[in-house]
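Trainee: This is the structure, below, for whatever I ask next.
The values are calculated or read from the model by the stated rules, or taken from the named source; none is laboratory data. Values in this document were obtained by computation on a predicted structure and should not be read as measured data. Glycine also receives a Cβ, built like all others from the backbone with ideal geometry; neighbour counts cover every protein chain displayed. Each accessible area value is taken on the protein alone, full model and side chains, heavy atoms only, with ligands, DNA and RNA left out. Shrake-Rupley method; radii C 1.70, N 1.55, O 1.52, S 1.80 Å.
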Amino acid sequence: MNSIEALSKFSAATLHEALGKSGNLPSAIKPIAAGMKVCGPAYTVKTMPRDNVLLHRAYAYAKPGDVIVADCGGFYEAGYWGDLMSLGAKTKGINGLVIDGCVRDADDIEAMGFNVFSRGLCIRGTSNFGEGSLNETIVIGGIVINPGDFIVGDRDGVVVVPAAKIEEAIEKATARETKEELVRKQLREGKTSIEIYGWDKQFGY
């Protein structure tokens, strides 16, 4: 089982907890449609505000299976990505887009099944200066993202798994899920969460 297959078994929240409550991107970055999920190595992009030329280059240069991760300079009043770019990226085998910015053409993107996580939707167009960087370290919401780090996203949000911690994350996420299944068993048997975790005794009840 490769890293993508192994990590895709876990939710973003589980991996976040497994990494010591770290790696979470800003909570405003969410899938543009229910059911969208993403998992794969990061191909990073940094654009200047309201410019999307480097995003066109990113999906052209990225490898099949990659997830494009974009920092748009903190400017959200623009639709940096749309249906045509989604079609091009999907055709090339790109796993999805995670963008700290807005996109547009949401209905068409959803219909074609390309996974997009964004700050929201915006119809405003972009410019084409093309300044920025490709496949270099970026920072989103205080989280450092290096090319090749793994990105896992679902309805709850997006987590970054550093490339050097993939095996650790898988091991700890597996252990966490095993532990949580035991808790579920006890809940089904009628125990309360405060009984299971010992919090009733902790507070003297």
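Trainee: Given [x] 139; [y] 217; [z] 113, which label gives volume of the Cα convex hull per residue in Å³ as computed from the coordinates?
Mentor: Answer by label: [x].
Trainee: At a 10 angstrom cut-off on C-beta neighbours, averaged per residue, how do the peptides 168-180, 70-82 rank from highest to lowest? Don't skip to the end; give the middle numbers.
Mentor: On the way: 168-180: 15.1, 70-82: 20.4.
So the peptides 168-180, 70-82, ranked by packing, come out 70-82, 168-180.
Trainee: Okay, moving on. Grab the other residues whose beta carbon is less than 15 angstrom from that of GLY93, score K and R as +1, D and E as -1, and report the net.
Mentor: +2
Trainee: Something else now. Would you kindly work out the equivalent ellipsoid of segment 28-113 from its C-alpha gyration tensor and give its semi-axes, the square roots of five times the eigenvalues, largest first in whole Å?
Mentor: Numbers: eigenvalues 59, 47, 29 Å².
Semi-axes (√(5λ), whole Å): 17, 15, 12.
Trainee: Distance in nm between label sites at ILE123 and SER22, each 7 Å beyond Cα in the beta-carbon direction?
Mentor: For the pair ILE123/SER22, the computed spacing is 4.4 nm.
Trainee: Per the 1.4 Å probe, what fraction of the accessible area of the chain, in percent, lies on carbon and sulfur atoms? Walk me through the numbers before you get to the answer.
Mentor: On the way: 5430 of 10530 Å².
Using a 1.4 Å probe with all protein chains present, the chain comes out at 52 percent carbon and sulfur.
Trainee: I would also like to ask the following. Could you pull the accessible area for THR91 with a 1.4 Å probe, rounded to 10 Å²?
Mentor: Rounded to the nearest 10, that gives 110 Å².
Trainee: Using the crude model of +1 on Lys and Arg Cβ and -1 on Asp and Glu Cβ, and no other charge, please compute the dipole size for the chain relative to its Cα centre, in debye to 20. Present the calculation step by step, with values, prior to reporting the outcome.
Mentor: Details: 23 positive and 26 negative charges, 43 e Å.
That gives the chain a dipole magnitude of about 200 debye.
Trainee: Net charge around LYS46, counting only other residues with Cβ within less than 13 Å of its Cβ (Lys, Arg = +1; Asp, Glu = -1)?
Mentor: Values: positive: ARG57; negative: ASP51, ASP71, ASP100, GLU131, GLU136.
Once all neighbours under 13 Å are counted, the net charge is -4.
Trainee: Given LYS165/LYS191; LYS63/LYS179; LYS30/LYS191; LYS92/LYS172; LYS9/LYS185, which pairs have Cα atoms separated by over 27 Å? List each step's numbers first, then the result.
Mentor: Details: LYS165/LYS191 35 Å; LYS63/LYS179 36 Å; LYS30/LYS191 34 Å; LYS92/LYS172 33 Å; LYS9/LYS185 21 Å.
In this structure, LYS165/LYS191; LYS63/LYS179; LYS30/LYS191; LYS92/LYS172 exceed 27 Å between Cα atoms.
Trainee: Under a plain spin-label model, where a point goes 7 Å from the Cα along Cα-to-Cβ, how far apart in nm are ALA175 and LYS9?
Mentor: Distance between the two pseudo-spin positions: 1.6 nm.
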